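J.: The following block contains the structure, expressed as structure tokens.
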Amino acid sequence: MDKLFMEFKEVLCARASVREYADEKISREVLERLVDAGRRAPSARAVEPWEFVAVTDKEILRQLAGLAANGAFVAAAAAAIVVFCRETKYYLEDGCAATENILLAATSAGLGACWIAGDKKEYAQKVTALLGAPAGMKLISIISVGVPVQNIKQVKRRSLEQVFHWEIF
Ligand SMILES: Cc1cc2nc3c(=O)[nH]c(=O)nc-3n(C[C@H](O)[C@H](O)[C@H](O)COP(=O)(O)O)c2cc1C
């Protein structure tokens, strides 16, 4: 149990957004494992509203990069996992939980990944159309994935003391 906890803590502390990638491919099997982590997320009333599109085609990655305002780096990624949800009451929470699971799984596999915003973005419908998803699907996130080129930099975080409140706010 201790060992399991340590392994999880290492992954948790190692995760960071990675936006630069080596020119190396990632296999379908690895991408399936990342999506397998995503689909294990909790979802409200266990509705599992998610669908995941794994993209490795360079031209489609380039087009995704052209659409996603702050995601130009996806063009140089080995892959993107695009997370969609059908519109349920808690689709956004469910899809975000799945997205975080995928980011942690990518870190655990020694890969670099970055969450690129989807829901609320004006390009959401264009991404939906580009990937041939049904019109009513909500774009949750585009997750770029690749082999990191350099040591992963951690963003400084607020301390535990700053965010932890005991009994009352
Ligand atoms: C909802 C959401 C949307 C995000 N959208 C983008 C994005 O469009 N482009 C990007 O480069 N990073 C995006 N990020 C990544 C954040 O910038 C990043 O998580 C934050 O700077 C903290 O850094 P860290 O992930 O390395 O800890 C997004 C993260 C979240 C949670």
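The values are calculated or read from the model by the stated rules, or taken from the named source; none is laboratory data. Keep in mind that this is a model prediction, so the values were computed, not measured. We place every Cβ from the backbone using ideal geometry, glycine too, and count neighbours over all the protein chains shown.
J.: Would you say VAL18 is farther than 18 Å from GLY118 by Cα and either touching an Asp or Glu at 6+ places or on another chain (Cβ under 8 Å) or not polar (S, T, N, Q) (or both)?
T.: Values: farther than 18 Å from GLY118 by Cα: no; either touching an Asp or Glu at 6+ places or on another chain (Cβ under 8 Å) or not polar (S, T, N, Q) (or both): yes.
So VAL18 fails the test.
J.: Let me ask something else. Residues of the range 1-51 being within 16 Å of the ligand (Cβ to nearest atom) and assigned to a helix (DSSP H, G or I), which ones? First the steps, then the outcome.
T.: Initial filter on the range 1-51 (within 16 Å of the ligand (Cβ to nearest atom)): 9-21, 38, 41, 50.
LYS9, GLU10, VAL11, LEU12, CYS13, ALA14, GLY38 - these are the residues of the range 1-51 that are within 16 Å of the ligand (Cβ to nearest atom) and assigned to a helix (DSSP H, G or I).
J.: Which numbered condition in (1) free of Cβ contacts under 8 Å to residues at least 60 places away in the same chain; (2) in a helix (DSSP H, G or I); (3) closer than 17 Å to LEU139 by Cα is the only one that ALA54 fails?
T.: (2)
J.: Look at the range 131-155 and say how many of its residues are within 10 Å of the ligand (Cβ to nearest atom), in a strand (DSSP E or B) and farther than 18 Å from GLY66 by Cβ.
T.: 1
J.: Further question: Quick one: THR128 ticks every box in (1) more than 12 Å from the ligand (Cβ to nearest atom); (2) over 21 Å from ARG28 (Cα atoms); (3) in a loop (DSSP other than H, G, I, E, B) bar one, so which box is it?
T.: Only one criterion is unmet by THR128, namely (3).
J.: Out of (1) crowded, with 22+ Cβ neighbours inside 10 Å; (2) at pLDDT below 95, the odd one out for LEU139 is which?
T.: Going through the list (1) crowded, with 22+ Cβ neighbours inside 10 Å; (2) at pLDDT below 95, LEU139 breaks only (2).
J.: Picking from GLU167, GLU122, which residue would you name as being farther than 28 Å from LYS25 by Cα and away from the ligand (no atom under 13 Å from the Cβ)? Quick ask: steps written out before the conclusion?
T.: On the way: GLU122 fails: away from the ligand (no atom under 13 Å from the Cβ).
The unique qualifying residue is GLU167.
J.: Mind listing whichever residues of the range 72-116 are among the small types (Gly, Ala, Ser), under 16 Å from LEU131 (Cβ atoms) and within 14 Å of the ligand (Cβ to nearest atom)? Step through it out loud before you land on a result.
T.: Start the filter on the range 72-116 by keeping residues that are among the small types (Gly, Ala, Ser), which leaves 72, 75-80, 95, 97-98, 105-106, 108-110, 112-113.
Then keep just the ones that are under 16 Å from LEU131 (Cβ atoms); that gives 75, 77, 79-80, 95.
The answer is ALA75, ALA77, ALA80, GLY95.
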